[in-house]
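Step one of this worksheet: look at the structure below.
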Amino acid sequence: MKWRLEAIRTKRSFAEVVLLHTLVYRVEEIFLIHTQSGILLQHVGAEANHGKDPDLVSGMLTAIQEFVKDSFNSQTGEMLDTLRMDGDHSVWIEQGPHAMLAAVIRLKETKASCGTTAITWKCEFVNGPGNWSR
């Protein structure tokens, strides 16, 4: 009954409200960004998020990553790996030698619960060949 009222109040379908309460996490958007140039190589996102400019978001993520690296004198290759926003959204960043993967996630659990997927993706794609073309 509570979820039905939430569906009416938020003008979402009942099925969407049920999924939001039962899923551990949902990937909202994924950005694949060239490490050296900051150029967006690929963007995939939910239909509701298409109002944002993916090129602008990738540029800002690259700038934030460089700011953190410069400000905290990261000499051992340490990079920012998570940004958390109020509510239930986070940005997880996996860094490879040729590309950075940033995923906007709506989650109810910690990053550790989804770590296997991120590690698999990083091994297969981010650390892959350095010959990227759009």
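What is the gain in length, in nm to one decimal, between Ser74 and Gln42 on full extension, counting 0.36 nm per residue of separation less the C-alpha to C-alpha distance? Provide the component values of the computation, followed by the final result.
Numbers: separation 32, 0.36 × 32 = 11.52 nm, distance 2.72 nm.
Result for the pair: 8.8 nm of gain on full extension.
Quick one: 3J(HN,Hα) in Hz for region 65-72, Karplus 6.51/-1.76/1.60 with θ = phi - 60°, rounded, Gly and Pro as x.
4, 5, 4, 5, 4, 6, 6, 10
Once amide H atoms are built 1.01 Å from N in the peptide plane, which residues 5 or more positions from Ala99, or in another chain, come under 5 Å H to H?
Thr35
Tell me the label-point distance for the pair Glu66, Thr10, using the 7 Å Cα-to-Cβ offset, in nm and rounded to one decimal.
Once both label points are built, they end up 3.7 nm from each other.
Throughout, read-outs are computed from the coordinates displayed, never taken from laboratory work. Model, not experiment: these values are computed from the prediction. Cβ atoms come from the backbone with ideal geometry, glycine included; neighbour counts cover every protein chain shown.
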